[in-house]
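Visitor: First the structure, then my questions, so here it is.
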Amino acid sequence: MRKWIVAGNWKMHNTIAESVALARTVKEGTAGLKSGEVVVAPPFTALTSVGEALKGSSVALAAQNMYCEDKGAYTGEVSPLMLKDVGCTYVIIGHSERRKYFIESDETVNLKAKKALATGLKPIVCVGETDGERNKGVTEAVVGRQVRGALADIDKLDNVVIAYEPVWAIGTGMVATPAQAEDVHDFIRRLLVEIYGCMAADVRILYGGSVTKDNIAELIAMEDIDGALVGGASLKADGFLGIISKMP
């Protein structure tokens, strides 16, 4: 039985004070949680403060991005060692917004994923197709390329999490139907089994894209959906905790 994950990606929202207040409410709301795993990814400026606020809880701290070097003359970047230093255990890699606005390639995602693993961080590797790609019937080709590219030369999947986020559903209010989401999750798992064999059965695959407390139950009921990477709904404690409350 795979352990579910609900991860909140706060993106470029919240001051330090707002982030700490939200983290404390999530901490209180998940006290005594007996199954699954909750992760929050605040902006870089709030990582240290949120990490302090989460101490004594089971809520894990994640970063929204990282660079693929430990240190150096890379103005504006944040290294995996810095993330470890502030208490991160997870890092989101290859989010569609990074791919779209910052032109991150599959090769870039792969470098970051390998570096994260080498540093002891667990990468949440994002993949997903655009509306145009889905309409052309190339969803599996696009997602397959992204999965293969992101995991190239990675031998073990123990600490890798995959997040399927159809780009057309992120922040749009549109949600893949449970059947649509399961079809792609099943494809990803079959692809991982093809590449890695039986170890792929334990890889957790999350769904992301306008997830709310009203639609999570149907999504998580699917065989290959192991949780959610939540955007907008994670910015309000009642919405995020409402999602967590529906997990098995």
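The values are calculated or read from the model by the stated rules, or taken from the named source; none is laboratory data. All figures in this text were calculated on a predicted structure; none of them were measured in a lab. Ideal geometry is used to build each Cβ from the backbone, glycine not excepted, and the neighbour counts take in all protein chains shown.
Visitor: Modelled with pLDDT under 95 and charged (D, E, K, R), is that true of residue 156? Show your work before the answer.
Guide: Details: modelled with pLDDT under 95: yes; charged (D, E, K, R): yes.
In short, yes.
Visitor: Just give me the residues in the stretch 113-145 being in contact (Cβ under 8 Å) with a residue 40 or more places away in the chain and within 14 Å of the chain's Cα centre (by Cα), in sequence order.
Guide: Correct list: 113, 116, 121, 124, 126, 127, 128.
Visitor: Here's something else I'd like to know. When you scan the stretch 116-140, how many residues do you find that are part of a helix (DSSP H, G or I), out of contact with any helix residue (DSSP H, G or I) (no Cβ under 7 Å at 6 or more places or on another chain) and either modelled with pLDDT under 95 or closer than 23 Å to residue 180 by Cβ (or both)?
Guide: The total comes to 2.
Visitor: To continue, here is another question. Please indicate, with yes or no, whether at least one residue in the stretch 66-77 is without any contact (Cβ under 8 Å) to a residue 12 or more places away in the chain, surrounded by 14 or more Cβ atoms within 10 Å (Cβ to Cβ) and over 17 Å from the mean Cα position of the chain (by Cα).
Guide: As a first pass, look at the stretch 66-77 and keep what is without any contact (Cβ under 8 Å) to a residue 12 or more places away in the chain: 71-77.
Now restrict to residues that are surrounded by 14 or more Cβ atoms within 10 Å (Cβ to Cβ): 77.
From the residues that got through so far, the ones that are over 17 Å from the mean Cα position of the chain (by Cα) too are 77.
Yes, the stretch 66-77 contains at least one residue that is without any contact (Cβ under 8 Å) to a residue 12 or more places away in the chain, surrounded by 14 or more Cβ atoms within 10 Å (Cβ to Cβ) and over 17 Å from the mean Cα position of the chain (by Cα).
Visitor: Scan the stretch 193-221 residue by residue and report those that are farther than 21 Å from residue 31 by Cα and touching a strand residue (DSSP E or B) at 6+ places or on another chain (Cβ under 8 Å).
Guide: Hits for the stretch 193-221 are 203, 204, 205, 206, 207, 208, 211, 219, 220.
Visitor: Any residue at all in the stretch 32-42 that's in contact with a Lys or Arg (Cβ under 6 Å, 6 or more places away or on another chain), not in a loop (DSSP other than H, G, I, E, B) and not charged (D, E, K, R)?
Guide: no
Visitor: Additional query: Cβ-Cβ under 6 Å, sequence separation 6+ or interchain: first residue in the stretch 34-60 and among the aromatic types (Phe, Trp, Tyr), partner in a helix (DSSP H, G or I) and modelled with pLDDT under 95. Which pairs?
Guide: Here the result reads none, with nothing in the stretch 34-60 linked to a residue that is in a helix (DSSP H, G or I) and modelled with pLDDT under 95.
Visitor: Can you name the number of the only condition in (1) crowded, with 20+ Cβ neighbours inside 10 Å; (2) in a loop (DSSP other than H, G, I, E, B); (3) in contact with an Asp or Glu (Cβ under 6 Å, 6 or more places away or on another chain) that residue 222 fails?
Guide: That leaves (1) as the condition not met.
Visitor: Testing residue 186 on (1) part of a loop (DSSP other than H, G, I, E, B); (2) surrounded by fewer than 16 Cβ atoms within 10 Å (Cβ to Cβ); (3) at pLDDT 95 or above; (4) within 18 Å of the chain's Cα centre (by Cα), one condition comes back false. Which one is that?
Guide: All conditions pass for residue 186, except number (1).
Visitor: So if I check each of 169, 113, 150, which one is modelled with pLDDT under 95, closer than 25 Å to residue 3 by Cβ and buried (at least 19 other Cβ atoms within 10 Å of the Cβ)?
Guide: Answer to the check: 169.
Visitor: Conditions first: (1) under 22 Å from residue 104 (Cα atoms); (2) out of contact with any Leu (no Cβ under 9 Å at 6 or more places or on another chain). Residue 204 passes all but one, so which condition is the exception?
Guide: (1)
Visitor: Right, another one. Take the residues in the stretch 89-107 that are hydroxyl-bearing (Ser, Thr, Tyr) and surrounded by fewer than 19 Cβ atoms within 10 Å (Cβ to Cβ), then tell me which one is nearest to residue 61 (Cα to Cα).
Guide: Applying the filter and picking the extreme gives 89.
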